[in-house]
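Have a look at the structure below, then the notes.
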Amino acid sequence: MGVISTRKSRLKGDLTIVPTFRSANITRVSNLQEIVHAGTLGGRQRFLGVKDWNGTYEEYGLVPTFWPGDKVTWYGSLDGTAGWSGEALVTQTVITIPVGTKAPPTIAGTFRGVAALSCSDETEITMPSASEIPETEGLCVQLQSLAGGAYVNQDGTNEITITLSVEAQEFHHCGSSGIMDANEGLWDAQISYKRYVDDLTALPAEGNPYRVRVPIDAVGTSYYQFEFMRVGDMSDILLSRETGELLNVTIPLFMSMIELVDAVATRGSGVTKPAGEVWRPDED
C-alpha cells in the first residue's frame, strides 16, 4: 500500500472524457443501522444498511459536459489507470460566470449512484484533447417583458450563477441487491446575478415575470433561454456611509412554467441550451 498524488487524475462519463476536468469527489455510504437491546449491555449493535454513493465534479467552461437528468456511467481515474466506476444520476449543475473579475467560468456537477460503485486498478482514461476556456467579458443577463419587445441588458452585471437541478427519487426493494437506486423526479432552474446600480428604479421589480437570456458570447448570438422566470427576494441593497461600499444588488430569478401572456395562460418553453436543444421539460 503506497501513497499517490492525484495530479494525473481524469474523469469521463460513458465514452465522453471531461476535457477541462478540475476535480472530483466521491462519498461511499454504508447507512449503518444501530439497535440497542439487553444483549448490548448499554452499548449499540450496528449492521450494514442500504449501500449508496454520491459525488461531485468540477470543470471549466460555460456549457457542461453532462446535464441534470443524465444517467451516466462515471469512470474516475487516479492516474490514468487505477480508479473507480459506477452508474449515477446527475442531479445538479451550477454554472458560475465571474464577469467582474474575468476569471475562468466554472461548472460544478452533483451526481448520485444508481448502481454499485466499483473500485479497480484497471480504470483507464486517455488524456483529453486540448480545449480553450471561454471568456466572460461583456456577458450580461438579459430580460424581456412578457408583453414582448427587445431583450434588455442588465447593465452592471458582474457575476452570474445558473443552477439546473432534478430531484432524485430514491428507492430500494427486494431485487436491488442492497444498493440504493434512484429515478428523476421534478426539475427546476434558477439564476442569480449581481448588478451594480446607481438608481434603485433600474432594478426589476420583485415578483415580476420575464423571459430571460444568459449569453455565452459577447455578441449575444449563443445563449441560455429561460421561459418564464420570476424575480425573487433581492438582497445586498446596502448603503454604507462608513465604508462607501459599492451598491451591488443580488437578483434571483426562479423558473415559472405558466404565465399570463396577453391575458391568456401560456406554458413556457422551459430551458433551452445554447446549442438550441430544450433541456427541460422533456415531455410534450
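We did not get these values from a lab; they are worked out from the coordinates using the rules stated. Model, not experiment: these values are computed from the prediction. Every residue, glycine as well, gets a Cβ built from its backbone with ideal geometry; the counts of neighbours run over all protein chains shown.
Modelled spin-label separation between residue 25 and residue 205, with each label point placed 7 Å from Cα along the Cα-to-Cβ direction: 4.2 nm. From least to most packed, judged by other beta carbons within 10 angstrom and beginning with the fewest, 227, 245, 137 follow the order 137, 245, 227.
What FRET efficiency do you get for residue 38 and residue 169 if R0 is 35 Å and r is their Cβ-Cβ distance, rounded to the nearest 0.05? Once the sixth-power term is evaluated, E becomes 0.35. Normalised Debye scattering of segment 138-190 at q = 0.25, 0.32 Å⁻¹ gives log10 I(q)/I(0) of -0.98, -1.14, counting only Cα atoms as equal scatterers and leaving out solvent. If you average the C-alpha positions of segment 67-92 and of segment 142-171 separately, how far apart do those two centres end up, in angstrom? With segment 67-92 and segment 142-171 each reduced to a Cα centre, they are spaced 28 Å. Legend: Rg and Dmax of segment 135-284, from Cα coordinates, 18.6, 65 Å. The label-point distance for residue 176 and residue 188, in a model that sets each label 7 Å from Cα toward Cβ, rounds to 2.3 nm.
With R₀ fixed at 22 Å, the C-beta to C-beta distance from residue 137 to residue 233 puts the FRET efficiency at about 0.15. Once percent of Cα pairs over 31 Å apart is calculated for the structure shown, the corresponding label among (i) 42; (ii) 33; (iii) 25 turns out to be (i). Mind listing the long-range amide H neighbours of residue 82? Cut-off is under 5 Å, sequence gap 5 or more, other chains count too, H placed in the peptide plane at 1.01 Å from N. Sorted by chain and number, the residues that satisfy this are 123. Given segment 173-226 reduced to its alpha-carbon atoms as identical point scatterers, what log10 I(q)/I(0) does the Debye formula return at q = 0.28 Å⁻¹? Listed by q, the Debye log ratios stand at -1.21.
Based on the Kirkwood approach, the hydrodynamic radius assigned to segment 30-100 is 16.2 Å, with every pair of different Cα atoms included. Looking at segment 1-69, the pairs of alpha carbons with a distance over 17 Å make up 64% of the total. If you wrap the tightest convex hull around every Cα atom of segment 70-121 and split its volume per residue, you get 82 Å³. Fewest neighbouring Cβ atoms within 10 Å first, the residues 47, 111 line up as 47, 111. Each residue of segment 271-278 was assigned a 3J(HN,Hα) from its phi angle through the Karplus curve 6.51 cos²θ - 1.76 cosθ + 1.60 (θ = phi - 60°); the sequence is 10, 10, 6, x, 7, x, 7, 7 Hz, with glycine and proline shown as x. Note on residue 5 and residue 258: their simple-model spin labels are 5.8 nm apart, each label 7 Å out from Cα toward Cβ.
Taking each residue as 0.36 nm, the span from residue 198 to residue 245 lengthens on full extension beyond its C-alpha to C-alpha distance by 15.7 nm.
Is segment 74-210 rounded, prolate or oblate when judged by the Cα gyration tensor, a ≥ b ≥ c being the square roots of its eigenvalues, rounded requiring a/c under 1.5 and prolate requiring a/b larger than b/c? It is oblate, given that a/c is not under 1.5 and a/b is not larger than b/c. Residues whose amide H comes within less than 5 Å of that of residue 279, counting only those at least five positions distant or on another chain, are 271, 272, 273 (H built at 1.01 Å from N in the peptide plane).
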